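Inspection log for the structure reproduced underneath, given as structure tokens.
Nothing in this text is a laboratory measurement; each read-out follows from the coordinates by a stated rule. All values reported here derive from a predicted model rather than from experimental measurement. Heads up, the Cβs are rebuilt from the backbone with ideal geometry, glycines too, and the neighbour counts pull from every protein chain shown.
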Amino acid sequence: MIGYEKRVFESEFGKRVVHIVRISFDELKKLDIKPVLARIPEKKKNLFKLLAPLEE
Amino acid sequence: MGVRGLESKDNVLVISKEDDANAFIEEEGRIMLSRDLYRVQVVKRLIEKGKLFYDNQMDEFKLKNATLQEEAILKELKSKIIYFSESNEKEQVVKPTLPITLCSGYENLMEIVKRNKAIAGINGGYFLNFPEEISKYDAFNDPVGLLMINKHIINPPIFKRGTILVSEEGIELDTLSVLDLEIKVGNTKLGFKENSSEVKVKLNSESEVSLYTLSYARNLSEDGTKFVVVGKSIVEITEEREVEVPRNGFVILVKERELARKIIDEIKEAKTNSVIYSVNRLEEKRVVHGISAGPILLKDGKEVKNEEEFGKGVPPSRIKFNVRAPRSVFATSEDEVLLITIDDDRKTELKPEERYSIGATLDELIEILKNIGCKNAINLDGGGSSTLVLSNEVKNKPSDGFLRAISTALIVTLRNSFVYRHLKKFEL
């Protein structure tokens, strides 16, 4: 089961709003939890340029 | 409302000088951050260069000939750029500008979740987000720490950081650093052991190869061939004596000329500047996915407080256990995985009872996690990055007021997502 819960914790400093997504281990058998990389600009240096100074 | 530091000219925002840019940010009631000022300056430069201009017909800002980096910075500024309509005599905030489509290259959590057709997602590890964190080799939004997807290490761990490991057996929390890596450069495999503040290895009992991170020095001054590595790429090979150590990478120093030539020849033959990483410990544990963040807060129900986990110079070097902020957490209980965020309206000028939510220190966070029933928990990137998405809906209130472009995320997908994606195509 995948559930969502919003809880509010009161304290002397003020309240805290907490958001919780719960996924049971049973449900997890059908699911993948995985990290992903966001799209970021390509910035690889050209290999030729990288080696060029050493060829001189 | 008058806004100091801004003047209208051809319907384009102009920020007249640096000091006034400061005033602008303060007047908007936001906390002054160096990255805000830096980005405002980028906008100013783009306007001056004619790269950013307002299209009257389309009623939107347009960008031409900007670099991907400039586009990425603009994306984060999209709700802060203001323009003044010529028809209004008085200065007036008209509307936020810059549509997301203008800025390719970077993504927020919602975009990541949608692209991956994920059921849920939470922001992941730390990334370079401040100008002072960028050396000439690094770039904004470069991820910090291990990122391993489907058994491939996409980004290496550099400093010792708490890490989530997802294996075929289950989920566990561990710490990893550059010392755990075996690094293949060309065809030469290198493993390193710590020796005082620098990391050294004896190769073939004759050739000594050293590895330097920011923990050693900001600049390296040694004779020999240096291979500068950031992420999975060699970004520079040099025999110059002085070389800058990347904030989020390392330099491999090879003193023996013959060995350096051999490695360079191997790189040429392989026709790639990529390096390949492996971690024996992860292979033994059959780890499939891994992502670093930190610190680990709970392990087997017990509190863990390791402030030494944070390296200097790169995020989360600023994190302290006693500072309140928006938080994101990955946790497990007896029978569940939990994705958790804590909101922080960051309105510290208000009375406690007037505030929507005050965020949490890491100590307070540990207490909340125990109350929720967590047994194992790790802190993820927080602050304005803190975002939680379920069923294509943002559940928390991100403190920037908009979704920040992040570097990595942790998502929940159907196990057979590849098949699922293709089925969906056929249904359409």
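What does the average come to when, for each residue of peptide B:220-226, you count the partner chain Cβ atoms lying within 10 Å of its Cβ?
Neighbouring Cβ atoms belonging to other protein chains average 0 per residue here.
Rounded if a/c is under 1.5, else prolate if a/b beats b/c, else oblate: with a ≥ b ≥ c from the C-alpha gyration tensor eigenvalues square-rooted, which is the range B:135-278?
prolate
Taking every residue in B:331-337, how many Cβ atoms of other protein chains lie within 10 Å of its Cβ, on average?
Mean shielding count: 5.
What FRET efficiency, computed as 1/(1 + (r/R0)^6) with R0 = 30 Å and r the Cβ-Cβ distance, is obtained for B:THR272 and B:GLU172, rounded to the nearest 0.05?
With a Förster radius of 30 Å, E is 0.35.
Can you pull the mean other chain C-beta count within 10 Å for peptide B:342-348?
So the per-residue partner count for this stretch is 3.
Starting from the amide H of B:LYS395, placed 1.01 Å from N in the peptide plane, find each other amide H under 5 Å away whose residue is 5 or more places distant or on another chain.
Amide H neighbours of B:LYS395: B:LEU388, B:VAL389, B:LEU390.
Give me the distance in nm between label points sitting 7 Å out from Cα along the Cα-to-Cβ direction at B:GLU239 and B:VAL323, one decimal.
4.5 nm
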